[in-house]
Every structure is written in C-alpha cells, then in structure tokens.
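Visitor: Structure in structure tokens, see below.
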Protein chains: 4
Amino acid sequence: MLIVLHHWATEKDVESINKTILKLGLKPMAIPGAERTAIGVIGNQGWVDDAPFRLLKAVMETIHVTKPYKLVSRDFHPADTVVTLGKKVRTGGRSPFLVIAGPCAIEGRDQIFRTAEFLVKQGIQVLRAGAFKPRTSPHSFQGMREEGIRLLDEVRKEFGMLVVTEVMSPEHLGMIAEHVDILQIGARNMQNFDLLNEAGRSKRPVILKRGLSATVEEWLASAEYILLGGNPNVVLCERGIRTFETATRNTSDLAIIPLVKSLSHLPVIFDPSHATGRRDLVPPMALASIVAGAHGVMLEVHPEPERALSDGPQSLHFRELEKLNGRIIKLADFVKKSL
Amino acid sequence: MLIVLHHWATEKDVESINKTILKLGLKPMAIPGAERTAIGVIGNQGWVDDAPFRLLKAVMETIHVTKPYKLVSRDFHPADTVVTLGKKVRTGGRSPFLVIAGPCAIEGRDQIFRTAEFLVKQGIQVLRAGAFKPRTSPHSFQGMREEGIRLLDEVRKEFGMLVVTEVMSPEHLGMIAEHVDILQIGARNMQNFDLLNEAGRSKRPVILKRGLSATVEEWLASAEYILLGGNPNVVLCERGIRTFETATRNTSDLAIIPLVKSLSHLPVIFDPSHATGRRDLVPPMALASIVAGAHGVMLEVHPEPERALSDGPQSLHFRELEKLNGRIIKLADFVKKSL
Amino acid sequence: MLIVLHHWATEKDVESINKTILKLGLKPMAIPGAERTAIGVIGNQGWVDDAPFRLLKAVMETIHVTKPYKLVSRDFHPADTVVTLGKKVRTGGRSPFLVIAGPCAIEGRDQIFRTAEFLVKQGIQVLRAGAFKPRTSPHSFQGMREEGIRLLDEVRKEFGMLVVTEVMSPEHLGMIAEHVDILQIGARNMQNFDLLNEAGRSKRPVILKRGLSATVEEWLASAEYILLGGNPNVVLCERGIRTFETATRNTSDLAIIPLVKSLSHLPVIFDPSHATGRRDLVPPMALASIVAGAHGVMLEVHPEPERALSDGPQSLHFRELEKLNGRIIKLADFVKKSL
Amino acid sequence: MLIVLHHWATEKDVESINKTILKLGLKPMAIPGAERTAIGVIGNQGWVDDAPFRLLKAVMETIHVTKPYKLVSRDFHPADTVVTLGKKVRTGGRSPFLVIAGPCAIEGRDQIFRTAEFLVKQGIQVLRAGAFKPRTSPHSFQGMREEGIRLLDEVRKEFGMLVVTEVMSPEHLGMIAEHVDILQIGARNMQNFDLLNEAGRSKRPVILKRGLSATVEEWLASAEYILLGGNPNVVLCERGIRTFETATRNTSDLAIIPLVKSLSHLPVIFDPSHATGRRDLVPPMALASIVAGAHGVMLEVHPEPERALSDGPQSLHFRELEKLNGRIIKLADFVKKSL
C-alpha cells in the first residue's frame, strides 16, 4: 500500500504515520517527491486495510497495490481453468466455443420441449431457461418457480441436454442444484454474498454474471467468494453494463473479455441478448465476442418471441438462431485455425 | 402504451398491429405524424407488456405511459405516509427531522455501548450498526453476525434506543426482526426480490437503500414489492449512485429527494457517509439534504474511526457528530419555521 | 409528439392543452388510457418544440417521435453512403475494410517519415497523426501545430499517402484543409458547433468522433450539422465512451456499430486505441469490430512507443501493427466471403 | 509517480526500469511488497509522463501522485480567490451569496428588457442570457448571435446591470468581451482548448462550467489553461453531470462543491436549472447548494416560460424567482450568521 501525503505534511506527520504502520507489524518506507511525500507500506502478507491512514489529516490518499482477490487471479494460477459441465462439455482454455441457448423464462411444457428439441437438432448441448425470475416490477410475471425446475429436469432426461437456470436465493440453491447441471447467478445478485457463499458449497458449476455496474475488480472478488467456499468451477459471463447510453438496453463491454482473460484463469462467456436488448444486434455482437476471445455465448431464443412473457424483443426466432449458430461454428473454426 | 412505427410502415403493417392489440382485449388508436405513425393502446387496466409489439419489423419503439409501481405512487395515495419507528419516533410528512447514527459495523461490546451512550446524550434515538456486512472481498471483515445482533438487542434494553441493522438474506430476516426495531435493505440487495418479499411479510419498518445504479423507477418498483407483500412501512434512503466520477466514493444525487417526494408518498432520508465516502464532506451534504427536503439522515460515527474495521474514512468522530447534530437541529428548525 | 398527462388531469386541462396545440397550427388527438390520458400532436412537418407543454402542471411528460436529425438518417437516404478519400480510397457500403494508422502526435520529421515508410510497406494508404493536440493539462505537450501540418504535407508528397489530422478550431480549418486529405473532429469537439459548421463548408471528408458521453442521437445530430452545411462526406468513428469502469481507458461500445448502420447511411469506423487505452487490448478489439460491422479502424502506432510524447501505452509497435494488419486482412476477407 | 510491477517481475525487469528512470534524470526507489514490487520515481519538479513505463511488460500500472494542475490548486495558493465582476460585485471567499439570473436565450428586445427590469427590482445585479446557443440539433433555434450581444450591451447601459453570456468560439471572444462583463464557457466547450487559451488572454472574468462527463481533475485542469494564460478571474460552475439516471436532465453533483473548495481557491457556483432540467426541482436544489457551500447560483428565468425558444421547462416564472430569491437571501443570511 502507498500512503500519499499532502504537500504541507510535516516531519511530525510522517513520524506519526510511521508509528502507526509499525504498530500494525509492518514497515514504512518514505518516498520523497517533488511536491509531496509518499510512504510505502511493506511487509504485509496480503490485503492491508487503509482505514487507519485514510482519515489522518496529513494523508491525501491511499493506494492499494494488492488486489482484493487471489484465488481467481492468474498471478497465482497461471494456467487456464477448464470447467467441465455435466460429464463431457468443457469450457475455458482451448475448449471448443460453447453455445448456450434457451428462452428467458420457462412458460410451459410445450414451449420448453419445443425449444429443447430444436436446440438438440442444432447440436447445442446446453439449454438455459429461467424458473425463478428477477423482475423489476412485482406486477410482472415472476416465473414458474418450482414447477419450472421440474420441467427442466424432464428436459434433461428426455433430451440428454445439460440445463442451466438462475438461482436467486441461498435457500433454493440446494433444491435447484439437485435438478440442474449448472447454476446461474444473475447480474442483480452478483453481490448477494450469502448466495455466493452457498454457491461455494455446491459442487455444481456456476455461471457468474457481471453486475450492471460492477467493476471488473468487484466481479472477480465475487468469484473469489465462490472459489474460497470450495467450488473452483466458475464461468464468468459479461452481459453489458449500465451507462448513460439508452439506445441499447446495456452497453456491451467486450474489451473486458481479453482483459479478464489476462487477469484471471477462469473461462469468460458473453450474453449478447441482455447486453444489447435487441434481436437485430445479437448476431453481430455474438460473432464479435468470438474474435474478442470469449469462450462461449449465451443466447435467448423462443419458439414465438412475440408471445414471450419476458424479454421477447431480444429473443431470436428458431430460424435466426439456426443461421447464427452456423455462422458461429464457421467463425470459431476460422479463428482457431487461421487467426 | 404508445407504439411508434418506422416511417416506411405500410397500411398493412398498421392493420396487423391493430389485430394483435384487439386480440389482447385492448383498443388501437392511430396517431398519424409528420414523419411516422404511432398507435396508442387503450383500454388496459394496468401495465401492458410491450413484448408482442417491440419485435415486429415495422415497430421502431414502444413507450410506456403506465408506471411499474402503483402502491408507492402519490397518484394513488396523495397524502404523505408517516412511518412509526418503535413506539414513538415518526418519520415522513411533517415529522421532525430524523437523525440515525452509528458505526458501519459492530466490532464489540465496548465499541457499540460507547457509541450508544454518546448518541443518547446527543438526543439521538436511533442507532444503526451492521452485524451482517456485505463486503466486496471475501478477505475483508464480514461482521460479527449473530453475536452482533445479540449486542444490538442489549443496546436496546440498556439504553432504550431503537436499533436498525442490515438484513442480507431472507432466511435471517425473521431472526433479526425479533431483535431489532428497523430493518435495512442495502444498496447491493435492492433487487434481491426474495429478500424484498420477505420484508413485505415482516411487521418491522424497512429502510430501503437505492441501488448503486438503480433508476428512481426501479427503486420505487422495489419498494412496491414490500408494500405489495403487506408492509406499508418503507423509508427510502438515497446513498449516492455510481458514475464516472471517482473523486467521491459515489455521486450524491440530492435532486431525486424532491423528485421522489413528488412521485411517492413514502419518507426519504439521505446517507451522506456512503454517498461521499469522505468524512469532511459529510457535514455539508447532511445539511444540504435538509434543505433539499430529506426527512432524515443516516450518519456513520465511530469512537475511533482510525481503528474502524470498515468505512473508517467516512466515519465521524464523536466530537464531529456532536457539532454536526447541533447544526442539523438549528437548520431543520430554521427551514421549518422560516423557509 | 405525445403529451402524457397526470392521472388527476381534468377535462379543462385537456381543453387548455388542445388550444395551445391548435394555436401552433397543429392538431391534438386524445388517447385515453387506463390510468392517465395522453394527447398526440399531429400535423407537424418536422421537430416540434415541447417547451410550451412540458411545464404545464397537468403534463407529466412529453415524448418525441421525430428525431433531431434527418439528412444523416437512413429513413431519408436508404442506400449506404460511400465516402471517397483522396482520389481512390473509398469507405462505407461494400468498400474494402479501411485501415488508418499513425502516431497520436507528430513529434518530428524522423518519427513521422519512419512511420509513413513502414505503413506504405504494409499497404496502408491513410496516415493519421496529430499536429494540434487537445490535452487535459496545459502542462502536457500540445503538439507541433503549424509545423506538424507542414510535415504531414511533406509525407503526402513523399509517400503518396493520404493524411488525416485533427482540427480543434474553426479558424484553423481552412489552413489545415489545404494540406491534408481528411479532417478529424475529436471527441472533445463533437459538440463544438462552430467547428461543425465550418467543416460543413469544407470539401474535405470529415471523420467525426463520438463524444466521451454523447448518445448516438447526439452524435448523429452533430453529423447533421456537417451535412446541412453542404458536406456529405462524413465518416463516424466510435472511440469508446466514459463509464464507471476504469479498468480500460474508455468503454468500447461496439454494439452501436450495427445500431448506427441501421439508423444512418454513413460509414462507421472504430478506434480501438482510444477505446481501450491498452496496447494489449487493441488487436482483439480491432478484429472484433470487423465482425461487428465496422467499415474500418484507426490504430495508433509509433516507432518507439516507450518514447512517445502522448498515448504511448496504447500505441502499437511496428511489428505488432504488421501482425495485426495481416490478421485484419485475413479476417475481413473471411467475413466478406464466408460469413 | 509510483510504478507497480506484476508479481512475476524479475530482478532484471526492475533493473531495466531503474535505468529508464535514471535516463530521465530522476531517481528510482524500490518498495518491495507482499505480492509484488513497486518502484517510486523521485526527483521530479512537476508532472512526469508515465508513457515510457506503462507499456513495459513487467509494469502492471503507474500511479500519479502529482496533479495535472498547479495554479488553481489550494496547495500553491491557500487563500480564497475573490473575483470582482464589473466594478463592485464580488464572489468567492466570504463575499455575499451571488445570484445570477436570466433566460436561456435572448429572444428579442422586449423579452430581455422585461427580464432585466424585473431582476433589478429583485436586487439581482447580474443578468445571464445566451446570444450564441449551442444546440444538439442544427434544426433548433441557434440564438440571436451578434444582435443578441448588442441587446445585452443595451441592457448594461439601460439598467446598470452586469451581463454574462456564453462564448462558443475563440474568434468571437474578443468582440463579445467588448460588450459584456463576464464570459461563460459552457459545458460542451470545457475542453475546447483554443477557447480556453483565448479566455486566458482576456481581462474579463470567466464562468467555466463543468463538462457533462468531466472529472473534477479535468475541470480544474481546464481552469488551469485560463490561469496559465494570464487571467486569474475564473469562477467554476457545477451544472450537473451525465449518468445513467434520466429522471432528471443531469445528476446534480453537489458534493463536489465542498470538495472543489478544498482542492482549489477559486469560487464555485451552481446552476440548478441545467442540473435538474425541471422547474420544480430548481428551488430546493438552489437552496441546498447554499448549505453545501456554493458561492452563488445561476438561475434560468423567463417572462413566459411556456413560450421560451429553449429550456422552457427548467425556467422559472418571475413570481417563482421572486419567491426563491427571498428564500435564498434568508437562508444565506442564516448560514452565515448561525451555522
């Protein structure tokens, strides 16, 4: 940690800060500058709280050098993590590009079975669908809940697909984990720490979406909760961030895909449906994410988007997904072999 | 709802949209414009989902006129709600300006008792302190948890104070509600809908903080969950939003205080400690919020901020709180009588 | 335009609004809703100012249907605009993917000649380099100014390259336009309207960068200034927007590339150097933009980035640009033929 | 400056960085940490460019300790600057609270004279009105331009008022400065550096608005341009920033008022009209800014807001300004004497 002093700080201020550092069992190291002095804190074995320093009058600011995460960092685990989904699907590292698809919400047996049947035909092995739905307004459709989970379990058995669904509450996690292959923690719950802790105790892989206004550092620190709890199978998912621009539902922050890959060993996928909120922007952004280095995409598709109970405008029609999936396969192959 | 068409939309497109509207049991009403046509949807008794329209090719955008909340709206409840805390403290409407204060986290018996004793002397009747702490990093102090709640209960009995603490998980809510007077739902949990539903089932008043990147509309829709669950005692708390500016911890959005008061009948308070993140900015912003129309403030104070386990830099020293409290009383009095 | 009334608005309020609409030579059309009434304004030939309505007590909000731009809109000019740079380079529509490259700032004859020589070898025909530099601090290097322009003119003659440079002020525009092929209007000047007007009077093509916090609508309205002034040769350039995320210099908003292409007929290029601010993120994002539909990229390159007087950390080394250029050619070709 | 290395950096990396530092005539100072090493750079007399370091592979990040401004900093000029407007109005330091008011745009002789007459009656000595108007769309009213300036000059002579108006272009600055008392540089031009330089050569006081997405540091660096040019009479004006929240036109960032006062000696005023965009929010926010420490406010007022050619919805009626002005006087007096 670095403690930067105001330009008027006196020798006495410096001494007093040095004493505080020594009391904490650490060592101070002065760094005199042109306009002001800074003091380095050395000897710590991990994160040092800057609280005792930040409020001293002579201190202008404190700067952390150590990051708030460790297990997820590539510094401490240089090799790519490859997460196994179910028994045979893998993501991360040099695994094949992963396509996850499905409707925003499970709306009934017919809808989800038609979708599963269609996806299997496309060679897509992982279906996502929401049973417990986080909705801004309590007056909106809240999902089929337990019954939806039951339907997902039927899909698994009937079609041999892997299924992923969102968990909103720690108390439901155990029940849901019994019936699905992969758990999703949504953007709104990225800092629901009880839920992260519970996910850490699970053996199921977890797709952790980035929060609407979460920094990369906070996102990785949330993943750290799950790894620290004992579950190393985390897949990060960028899904757009909230900015001043309202022409798209969120702002697709594709540049953090290569960035996160340099900071962490975990796989990173992209959700162009929530990131853009517009069906017509999903194909170009899904394809762009391949080139940016994503390990996979998660796409919303619906047999009849115009009747979808949620997120219809960003859901692809079957024929659109079919076309996009073909282009994904071609482009991923080209990138691997020729780029 | 208003459906705006592309300028090239044909008569046939309009007819097809009209049919869809009629199928939903509603009525279409054409609004021809200079450059493009719009279609009003009328006859609805509440929120209409725009999904069936937004993805039609001829539709440029859909515009909602009805809001995603109702019970919290002043349209449907014109008189100010006054929330009673404990047996005798009231907030909202013309109630006296409310000061809530305490440390970010309970760190031990001595710390919390010293704080309570000090606050009582200042005439401050509500103590806030965190037992369950949401922390970005799993490596940071996570709060005293159950033991912290027990200490809060002791404070209540010993000092006759009301206490408020954050609830992070629906499963803890019942236990916590037995021991404290007021529940707080934090910024990171503003859209933890299971928690909101559970708070709706409680009889305890709830302080609902605005999310880091929540719009006013989303915040009010979250309050709607609690009211719809049967609990009308919600106090809204602005605590700063996340923006590009990093010179302060968050950006204090004071203008939404008078705005929310025009949209909703619920009381609104302000948390200058989290909004600014800097002890020196807390007094001017606490005072400014009185003039902006806030019903109260929530302040962080600590017997020894330099030793605080969290948020030390934004915590006031006792002597600073004493001074600020005196100014708050004087200013609130002046505003009431002379402004 | 749509005027939405408060739910308590009376018949009298509606009548009074209708009268105001009629006075303006327009027609009102009532749209009764479940909770509130709206009034459509019809008969306008273009943009109607909502000022006379927005402040009436009974009016909750006004909603514009007509956009603040027209000439740049695809609605009024469905075919892609192809801009000719110099005599033979074209961009927009189905033109080949355009690569513009060069140092952030001209620092001397040797630096700019070495760069031009290198770019010509790579088959890159357009060099960009700043002579007048907008710098946050007056204590930073401000560019070689007139002498830089002179050097650019030498480069043109010596290497037969096209050159592009930023214009910061209307009074310099004429002089600069005499010596360079393409003018750039930077992010900070996107709403420098006198400069836009002057660019409208020029015959030189203009690269118009998106402002740091400009909406797509504002950006297109700025382009409208130039077209309205008589210059149809505008190339839009996305260069990242300012958000809460500081892990990258700006947030690359790639999704607006396909979005802008659907709204406007103008070419759109991408600047990954400013968008990311990090040399290691430039190649993946440059390549991703091809797939997202960009018509070209603008890249920073420097013979010795570690000695660059500005933006060194985001400048590519020659060998990196060479490698990236090869990948761009391969990917652009693949996208055109096989995707 | 502090250079932070990756945890895997070797002794050789450190040596190579040290050499670069020495070459620049500065001194390296190693700061070994628990997880990584940092190197302090000492001996500089001012701002050091981090470019030569940021792109070295072993460097994780560089951290500036020195600020990009100096003349505007309180570090180097501890006493408050008091700016004299015209001959007798002063702002800054302990000067009386300043009220500037007027219409967004000059629309004609009658409008501006009626406004001036009204303001004089209220004891308001400074009138602001726009002659050159920056408008998003070229299809909107662009201001009366030169004729507007002439009308302002008439107002000065007729009513003995001081007048302030926006300058959009360096070439108009000289002409405008001959006819008005105070120049305004608007939010969109905060980084129009040629304009800042020209303002630095003027003898007129300058009101410098904060840019829509400008950090406090950038804003102060823009003021530095003017001071460095030789004009010390700068008044900073907060006018709201652009964030994700659209319920208000901008987000009022009041907390930066006390913050800027701690960083700089320059006066700071607040513009609640642009910050909120809503007439009903102007009074509470204008009053709140007094308590937050602003030296003054700038208010939009119009004889007939419903007919205003721009910004009508945020303009006060005469009777509203009269009422607000009375409250401002009372509150400013109370704050000075009793708070």
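Visitor: Hey, does the range B:99-122 have a residue that's buried (at least 17 other Cβ atoms within 10 Å of the Cβ), over 17 Å from residue B:299 (Cα atoms) and among the polar types (S, T, N, Q)?
Guide: No.
Visitor: Please identify the pairs in which a residue from the range B:248-259 that is more than 7 Å from chain D (Cβ to nearest Cβ) has its Cβ atom under 8 Å from the Cβ atom of a residue that is of a type in the set (Asp, Glu), counting only partners at least 6 apart or on another chain.
Guide: B:257/B:238
Visitor: Right, here's the next one. Take the residues in the range A:330-339 that are within 11 Å of another protein chain (Cβ to nearest Cβ) and assigned to a helix (DSSP H, G or I); name whichever of them is surrounded by the most Cβ atoms within 10 Å (Cβ to Cβ). Full working, then the answer.
Guide: Narrowing the range A:330-339 to residues within 11 Å of another protein chain (Cβ to nearest Cβ): A:330-331, A:333-335, A:337-339.
Now drop any that are not assigned to a helix (DSSP H, G or I), which leaves A:330-331, A:333-335, A:337-338.
Values: A:330: 14, A:331: 23, A:333: 13, A:334: 18, A:335: 18, A:337: 7, A:338: 10.
Once the filter is applied, the top-ranked residue is A:331.
Visitor: Something else: Just for the range B:158-202: of the residues that are farther than 24 Å from residue A:185 by Cβ and among the acidic types (Asp, Glu), which one is surrounded by the most Cβ atoms within 10 Å (Cβ to Cβ)?
Guide: B:181
Visitor: Among the residues of the range C:74-94, which ones are among the charged types (D, E, K, R) and modelled with pLDDT under 85?
Guide: We begin by selecting, within the range C:74-94, every residue among the charged types (D, E, K, R); these are C:74-75, C:80, C:87-88, C:90, C:94.
Answer for the range C:74-94, where residues must be among the charged types (D, E, K, R) and modelled with pLDDT under 85: just C:75.
Visitor: Any idea how many residues of the range A:159-203 are in contact (Cβ under 8 Å) with a residue 40 or more places away in the chain and under 18 Å from residue B:134 (Cα atoms)?
Guide: Total satisfying the criteria: 4.
Visitor: Quick check on my filter: what residues within the range C:176-228 are among the basic types (Lys, Arg) and under 24 Å from residue C:77 (Cβ atoms)? Write out each step before concluding.
Guide: Step one: of the range C:176-228, the residues among the basic types (Lys, Arg) are C:188, C:201, C:203-204, C:209-210.
Hits for the range C:176-228 are C:201, C:203, C:204, C:209, C:210.
Visitor: Which strands (runs of 3 or more DSSP E) sit wholly inside the range A:130-213 and have at least 2 residues that are under 25 Å from residue A:297 (Cβ atoms) and facing another protein chain (nearest Cβ under 9 Å)?
Guide: Details: elements: A:162-166, A:182-185, A:206-209.
Result: empty, no element qualifies.
Visitor: Return the residues of the range B:21-52 that are at pLDDT 80 or above, within 13 Å of chain A (Cβ to nearest Cβ) and either in a strand (DSSP E or B) or buried (at least 17 other Cβ atoms within 10 Å of the Cβ) (or both); say none if nothing qualifies.
Guide: Answer for the range B:21-52, where residues must be at pLDDT 80 or above, within 13 Å of chain A (Cβ to nearest Cβ) and either in a strand (DSSP E or B) or buried (at least 17 other Cβ atoms within 10 Å of the Cβ) (or both): just B:21.
Visitor: Still on this structure: Given (1) in contact (Cβ under 8 Å) with a residue 40 or more places away in the chain; (2) within 21 Å of residue A:269 (Cβ to Cβ), where does residue A:111 come up short, assuming only one miss?
Guide: (2)
Visitor: Which members of the range B:74-98 meet the condition of being of a type in the set (Ser, Thr, Tyr), surrounded by fewer than 22 Cβ atoms within 10 Å (Cβ to Cβ) and in a strand (DSSP E or B)? If you could, list the steps in order and put the result at the bottom.
Guide: In the first step, residues of the range B:74-98 are kept if they are of a type in the set (Ser, Thr, Tyr); the result is B:81, B:84, B:91, B:95.
In the following step, the residues that additionally are surrounded by fewer than 22 Cβ atoms within 10 Å (Cβ to Cβ) were identified as B:81, B:84, B:95.
The answer is B:84, and nothing else.
Visitor: Also, quick follow-up: Could you tell me which of the residues A:255, A:286 is out of contact with any Ser or Thr (no Cβ under 8 Å at 6 or more places or on another chain) and among the hydrophobic types (A, V, I, L, M, F, W, C)? Give the steps one after another, and end with the answer.
Guide: Details: A:255 fails: out of contact with any Ser or Thr (no Cβ under 8 Å at 6 or more places or on another chain).
Exactly one residue qualifies, and that residue is A:286.
Visitor: Here is a list: D:327, D:242, D:278, D:307. Which entry is basic (Lys, Arg), over 14 Å from residue B:292 (Cβ atoms) and out of contact with any strand residue (DSSP E or B) (no Cβ under 9 Å at 6 or more places or on another chain)? Even if it seems obvious, please write down each step before you answer.
Guide: Details: D:327 fails: over 14 Å from residue B:292 (Cβ atoms); D:242 fails: out of contact with any strand residue (DSSP E or B) (no Cβ under 9 Å at 6 or more places or on another chain); D:278 fails: over 14 Å from residue B:292 (Cβ atoms).
Within the list D:327, D:242, D:278, D:307, the selection yields D:307.
Visitor: Additional query: Using beta carbons and a limit of 7 Å, which pairs, at least six apart or on different chains, have the first residue in the range B:300-313 and within 9 Å of chain A (Cβ to nearest Cβ) and the second one of a type in the set (D, E, K, R) and assigned to a loop (DSSP other than H, G, I, E, B)?
Guide: Sorted first by the residue in the range B:300-313, then by its partner, the pairs are B:309/B:107; B:310/B:133; B:313/B:278.
Visitor: What's the number of the condition residue B:71 fails, among (1) modelled with pLDDT of 85 or more; (2) surrounded by fewer than 18 Cβ atoms within 10 Å (Cβ to Cβ)?
Guide: (2) is the only condition that residue B:71 fails.
The values are calculated or read from the model by the stated rules, or taken from the named source; none is laboratory data. Bear in mind the structure is a predicted one, so any value in this text is a computation, not a measurement. Positions of Cβ are backbone-derived with ideal geometry, glycine not excepted, and every protein chain shown enters the neighbour counts.
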